[in-house]
Each structure stands twice: as C-alpha cells, then as structure tokens.
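Data block below; observations after.
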Amino acid sequence: MAMGKVLGLAVVGILTALLVERVMVFRSKFNASREVEPVDLPNCHLIKGIEAGSEDIDILPNGLAFISSGLKYPWLKSFAPDKPGEIFLMDLNDRNPRAMELRISRGFDLTSFNPHGISTFIDKDDSVYLFVVNHPELKSTVEVFKFVEEDNSLVHLKTIRHERLSSVNDIVALGPDRFYATNDNYFSDRILRFLEMFLGLTWSNVVYYSPTEVKEVVSGFYSSNGINISPDRKHVYIADLLAHNIHVMEKHANWSLTQLKVLELDTLVDNLAVDPYTGDIWAGCHPNGMKLFFYDPENPPGSEVLLIQNILSEKPTVTTVYAENGSVLQGSSVAAVYSGKLLIGTVFHRALYCPL
C-alpha cells in the first residue's frame, strides 16, 4: 500500500516537472518576458481607412502596394470579426498616398473572404497576378487574381485547394500557376494547434505547388511563417516564428530546397519582404508573442521592424529600424519599402506609413 502511494507521488512529481518544463519552454518561444526598446522613425502616420489589420504587403516595382486586411485566425484578436476581408491598394508614387479598397470581380464569395499572406507575379506580357492565402471558414485555400490597373480591380481566376495546403500562412509566387507556401501548423483544429505549439512539435513545413506537382520541399519548423525569394531567384528565405530565426535556402531546378544557413534573432519573425534592388530583407516582427496571442487592450502587443543586409555573408547586418510598445501600432507582421518609403502592417490593427 505504502509502495503504491510512493509510486503515485513519483508519477505526479514527474508529470508536474514535465509540465513546468513545457510551460517554461512555451514562454521562452513566445518571448513572454521581453519588453521592446523603443526605436522611433520621424514623420510616420497611420494610414486612413485601414482599421482591422494589414497582415501582409507586397509592392510592385512600379510602386503599387497591395495590402491584405481583415484576417480572422485562431487565437488572434480581430477588431472586425463580422466583416469580410479586403485587399487595399496604395500608389507610393503619390506625395500623400492613400489606401483604396480594390473591387473584386463577381462570382467570388466575398462574404467568407479571410485574406492572410499575399504575393504578386508579373508575367512576360506584363500581366500582374495576385496570390492570396484565404481562410474561408478557417480552412486554407489559395486564390489567384489578375490585377486590372485601369479600373483598380481584381479578377478572380481560380481557387486552389490541396490536402498538402492544410494550414497555409504565407506564399511566394513563382509563376502564374506555381508557388511556395508555408504551413504554420501541422494540425488545422484549434485545440490541436495549441497542443502542437505547447509541446514544441517541429511539424510545420513548406510546400511547392504547380498544376502538375505538389510536394513538401522542407520541414522541421516550429511554425513556418513568412516566405520570400531573392531578386536573382536563387535563394528562398523562410521565417520560423517560434524559433526566432530565418532559414536561408538554396533553390534548385526541380524546385526542391536545401538549407544553407540559419540567422538567429531575438524576436518572433513574421512576414519577410525583399528589396528588389538591394536584396535586403525587411522583417515585420513580434517582440513579445504572448501579448499577441493573449490579447490585453491594457497591455497590447508591440511592434518591431528589422532590416537584414548581406544575409548570405558570414556576418549579416541586422538593424532595428522601428520598435515601439503598442501605443501606436499593435502586432507588426510585415514591413516593405519602395523608393525611401516604408509601410508597416499588422496582424489585426492599423498600418503605418513612414518616409525614410
């Protein structure tokens, strides 16, 4: 009898120790104790009309910026839970650029539009395609649009669904009908997602999609998030949100990827934008992920923007361009530049325009 009690206490003790260890690791992955040191940019202002997020931004070489807005996602705050998502356009060549909602062609279900990561592709005939990660009813699809600049509209071309595209976060277009996409979780169920994060499972991945082939090209991430490609199309950059790093991958002729290096950082890296002229990487980051996922309006999530230069070198330069505690901008998820102008987007809050 006494032996049974001792064994029972031992089991309880072991389980308690394991739980405490998991909680400590979980808090570490989410940078739960980190407070950001403010880094200000002069003359920034919030963009009028964007009130419920600007989760991803992609800027064309001519200065037209596409902005996804209105994301509803498990465990994340939404300031407009009953309003469909939108795609905004800004012309950064204007002296005072404004955000304008793009009209989407008939036949597309706008009521369930829930846009996440986006990517553009310019074809040989100068046609502009916009790829949008969509979560209708919290499932994952990729919507392909053609941009019609003459009337500022998007013509819906197709919806892509595939069992390998199960929990898509971000996307980088490789052609008019092919792309890489990150799955930020292995599971799609809300509770199983939390357990996946809490247990520290490295089951998320990157998938290559084309009409003739769909395959996993790399895996082993805690939460593969932002993805982008170098200007010469030879390297792919993947942000692992909960590992606080960026993976540099070499792209091969058969679209497979092999890892070259990992850049370790002290923040939760979300989306990545690449300067087409310099190759510099701009990263929207979350200094404290606990504040992002467990939202408290009295203690909102902060914002952080990193500039990464010469990432292929032995010692890349990492500069904090902007950081603040959430009093202006909550939950920065992306930063993109064009001609000395910086746009900073957020998961569910506002968007910021800053001349550099």
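Considering the stretch 24-58, and only residues there that are within 17 Å of L268 (Cα to Cα) and basic (K, R), the residue that is nearest to the chain's Cα centre (by Cα) turns out to be K29. Number of residues in the stretch 54-90 that are surrounded by fewer than 15 Cβ atoms within 10 Å (Cβ to Cβ), under 23 Å from V172 (Cβ atoms) and either without any contact (Cβ under 8 Å) to a residue 60 or more places away in the chain or among the hydroxyl-bearing types (S, T, Y) (or both): the value is 1.
Within the stretch 1-49, the set of residues being modelled with pLDDT of 90 or more and among the aliphatic types (A, V, I, L, M) comprises A32, V36, V39, L41, L46, I47. Looking at P276, is it outside any strand (DSSP E or B) and closer than 19 Å to V142 by Cα? Criteria not met by P276. Taking the listed residues P301, P297, the one that is buried (at least 22 other Cβ atoms within 10 Å of the Cβ), in a loop (DSSP other than H, G, I, E, B) and either modelled with pLDDT under 95 or not small (G, A, S) (or both) is P301, with no other qualifying. Residues in the stretch 321-346 that are without any contact (Cβ under 8 Å) to a residue 40 or more places away in the chain, polar (S, T, N, Q) and either crowded, with 22+ Cβ neighbours inside 10 Å or in contact with a strand residue (DSSP E or B) (Cβ under 9 Å, 6 or more places away or on another chain) (or both): Q330 alone. Tell me, please, whether a residue that is in contact with a helix residue (DSSP H, G or I) (Cβ under 7 Å, 6 or more places away or on another chain) and either among the β-branched types (V, I, T) or assigned to a strand (DSSP E or B) (or both) can be found in the stretch 223-246. Taking every residue of the stretch 223-246 in turn, at least one turns out to be in contact with a helix residue (DSSP H, G or I) (Cβ under 7 Å, 6 or more places away or on another chain) and either among the β-branched types (V, I, T) or assigned to a strand (DSSP E or B) (or both). Checking the structure you have, find out if any residue of the stretch 107-116 is free of Cβ contacts under 8 Å to residues at least 12 places away in the same chain and either under 13 Å from F66 (Cα atoms) or part of a strand (DSSP E or B) (or both). Looking through the stretch 107-116, none of the residues is free of Cβ contacts under 8 Å to residues at least 12 places away in the same chain and either under 13 Å from F66 (Cα atoms) or part of a strand (DSSP E or B) (or both).
Taken together, V269, V318 contain a single residue that is buried (at least 16 other Cβ atoms within 10 Å of the Cβ), over 18 Å from the mean Cα position of the chain (by Cα) and in a strand (DSSP E or B), which is V318. Entry remark, the stretch 170-198: residues being assigned to a strand (DSSP E or B), among the charged types (D, E, K, R) and surrounded by fewer than 18 Cβ atoms within 10 Å (Cβ to Cβ) number 1 in total. In the stretch 117-146, of all residues being more than 22 Å from the chain's Cα centre (by Cα) and touching a residue at least 24 places away in the same chain (Cβ under 8 Å), the one that is nearest to P211 (Cα to Cα) corresponds to D123. Within the stretch 75-92, can one find any residue that is part of a loop (DSSP other than H, G, I, E, B), aliphatic (A, V, I, L, M) and over 21 Å from the mean Cα position of the chain (by Cα)? Yes, there is a match, as at least one residue in the stretch 75-92 is part of a loop (DSSP other than H, G, I, E, B), aliphatic (A, V, I, L, M) and over 21 Å from the mean Cα position of the chain (by Cα). On inspection, Y209 qualifies as among the aromatic types (F, W, Y), farther than 24 Å from N31 by Cα and at pLDDT 95 or above. Residues that are under 19 Å from the mean Cα position of the chain (by Cα), modelled with pLDDT of 95 or more, over 23 Å from D275 (Cα atoms) and surrounded by fewer than 20 Cβ atoms within 10 Å (Cβ to Cβ): does the stretch 97-112 have at least one? Scanning the stretch 97-112 turns up no residue that is under 19 Å from the mean Cα position of the chain (by Cα), modelled with pLDDT of 95 or more, over 23 Å from D275 (Cα atoms) and surrounded by fewer than 20 Cβ atoms within 10 Å (Cβ to Cβ).
Filtered by the rule that a residue be within 16 Å of S166 (Cβ to Cβ), out of contact with any helix residue (DSSP H, G or I) (no Cβ under 9 Å at 6 or more places or on another chain) and not charged (D, E, K, R), the stretch 196-214 gives N205, V206, V207, Y208, Y209, V214. Of V142, V132, all but one fail to be at negative phi, assigned to a strand (DSSP E or B), in contact with a Pro (Cβ under 7 Å, 6 or more places away or on another chain) and not acidic (D, E); the exception is V132.
The values are calculated or read from the model by the stated rules, or taken from the named source; none is laboratory data. What you see is a predicted model, and the numbers here were worked out from it, not measured in a lab. We place every Cβ from the backbone using ideal geometry, glycine too, and count neighbours over all the protein chains shown.
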